[in-house]
1. Using the per-residue mean of other Cβ atoms lying within 10 Å as a proxy for protection, in what order, highest first, do the peptides 39-45, 162-168, 66-72, 136-142 fall?
2. Given the Cα-Cα distance of residue 128 and residue 4 and 0.36 nm per residue of separation, how much length would full extension add, in nm?
3. List the relative contact order of the stretch 135-183 as a percent without decimals, with contacts defined as Cα pairs under 8 Å and 6+ residues apart.
């Protein structure tokens, strides 16, 4: 993990010396989670530390990210489940072709796909940066368009990263978390009587049973 490049503006700033001719656009590379290392055309993912080089003008950084670093949760969620599955199926077919191996070796600098995806969050500022990066993901933007409040999406990401130290396994898991939280808030609706605290409820039940 490279916490220094979690924020999009900092990733943009890293491309100050990026060559201009016949390469993938800086905008696409940044959105795909990459920052420029300052060496030739080598870029690195802020999340999985995977590095790629030798970019062409027709390369899609998001797809290449998911193709060569399939265990990167950021790339996986960026693509969405359907596209991610298609990318992996295509990669398996391509890697079975001997002629593609030299090209693959030239492209991949550091394959960190075996790195543990769990985060080590040292402070609230780091947590905020991680959450902010995830609010830019297509799934988060999609939930906003489906009338989920930003505060609910943000809270679900915060709880997931703070308590489990890892991303949601799938888009549907985030959707479920947001749905549950939103229904809880609607049910409570400012009425503290609607808040159920298990230990308190159990004590009240025991007291009622004794009073009978």
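1. On the way: 39-45: 18.7, 162-168: 14.6, 66-72: 21.1, 136-142: 17.0.
Going from most to least packed, we get 66-72, 39-45, 136-142, 162-168.
2. Working: separation 124, 0.36 × 124 = 44.64 nm, distance 1.27 nm.
Contour length minus the Cα-Cα distance gives 43.4 nm.
3. Working: 24 pairs, mean separation 18.3, N = 49.
The value is 37 percent.
No value in this document is a laboratory result; all are computed from the given coordinates. Bear in mind that the values here come from a model prediction, so they are computed numbers and not experimental data. When we count neighbours, we look across all protein chains shown, and the Cβ atoms used for this are built from the backbone with ideal geometry, even at glycine.
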